[in-house]
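See below for the structure under consideration.
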């Protein structure tokens, strides 16, 4: 394990030497990075790095990226610090890859890719259990995911939505939706009902029984004018028509 660390360390040192040489020799890309190096906060971070204040340098480089996320050189410096000083290979990989995203045509791309390969191998070597072929399998899965994402992005928006949204449940066929039953009309009630006069009944008392209102006696009288000569001519046993 110790020998692996030394091998990784010297490999990173060799890559760093190549990086410094390419930064000095590159044209347009080197000019961009030199402008990034002139950022005051970036210079402070480099000062901390040069005096081996690793945590202080990491903190300042992160602040550079918070203020100016486009400064790719800060990602490269963070990648080297996490790789060489902290042996935090996961974070180192993140910053190396972010650097290449921001500088896809960098002159030192091959050197960065070499650092990425070494960091992956070192991370795999640091795991307590190392299944055979795990690194290669992860790399293949990443490529497949990137390919699928590219295919999905190439589809029109409507097809992309259908591919990512679960299909809705099929609607029931129209034949299965039966209209509610129409209620049958109730038979018409007769306009009159019959009432047999009891002992002590008067038209007012009958109206009170039938309508709950003794003042409606005239309705009964008008309906029975054929049999009643006057409102007082009501007889026991007589059948009267009561309007509804």
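The values are calculated or read from the model by the stated rules, or taken from the named source; none is laboratory data. Small disclaimer: the values here were computed from a predicted structure and weren't measured. Cβ atoms come from the backbone with ideal geometry, glycine included; neighbour counts cover every protein chain shown.
So the values come out like this:
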{"quantity": "Number of positions in segment 61-78 that are assigned to a helix (DSSP H, G or I) and either touching a residue at least 24 places away in the same chain (Cβ under 8 Å) or surrounded by 21 or more Cβ atoms within 10 Å (Cβ to Cβ) (or both)", "calculated": "10"}
{"quantity": "Inter-residue pairs, beta-carbon under 6 Å, first over 22 Å from residue 86 (Cβ atoms) and in segment 33-58, second crowded, with 17+ Cβ neighbours inside 10 Å, 6+ apart", "calculated": "33/23; 33/73; 36/71; 36/73"}
{"quantity": "For residue 114: the one exception among (1) surrounded by 11 or more Cβ atoms within 10 Å (Cβ to Cβ); (2) assigned to a helix (DSSP H, G or I); (3) modelled with pLDDT under 70", "calculated": "(3)"}
